[in-house]
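The values are calculated or read from the model by the stated rules, or taken from the named source; none is laboratory data. Given the structure is predicted, the values throughout are model-derived calculations rather than measurements. Glycine gets a Cβ as well: all are built from the backbone with ideal geometry, and neighbour counts include every protein chain shown. Side chains included, ligands, DNA and RNA excluded: accessible areas come from the protein's heavy atoms. Shrake-Rupley method; radii C 1.70, N 1.55, O 1.52, S 1.80 Å.
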Amino acid sequence: MIRLNEETPLDVLNEIKQGDLVTDTFSKTGLVESVAMIDDGLYRVYEFTLVTGRVIKVKK
């Protein structure tokens, strides 16, 4: 299981793929359905959509 938060290294965030088991350590845990990365020039926002429909966002 991969723990996702602001302290998660970029190389780990970039390697997460569909089917990986992830958690935000609070209430969201599950398998990754899709991954989106948005780069606004200042931050990279990673959005991990879980099969349960919940979304974990990590801003780096």
Looking at the range 1-32 only, could you name the residues that are open to solvent by 50 Å² or more (accessible area, probe 1.4 Å) and either within 12 Å of ARG54 (Cα to Cα) or touching a His at 6+ places or on another chain (Cβ under 6 Å) (or both)? SER27, LYS28, THR29, LEU31
Cβ-Cβ below 8 Å, separation at least six or inter-chain, first residue in the range 1-28 and free of Cβ contacts under 8 Å to residues at least 60 places away in the same chain and at positive phi, second open to solvent by less than 70 Å² (accessible area, probe 1.4 Å) and part of a loop (DSSP other than H, G, I, E, B): which pairs? THR25/ASN5
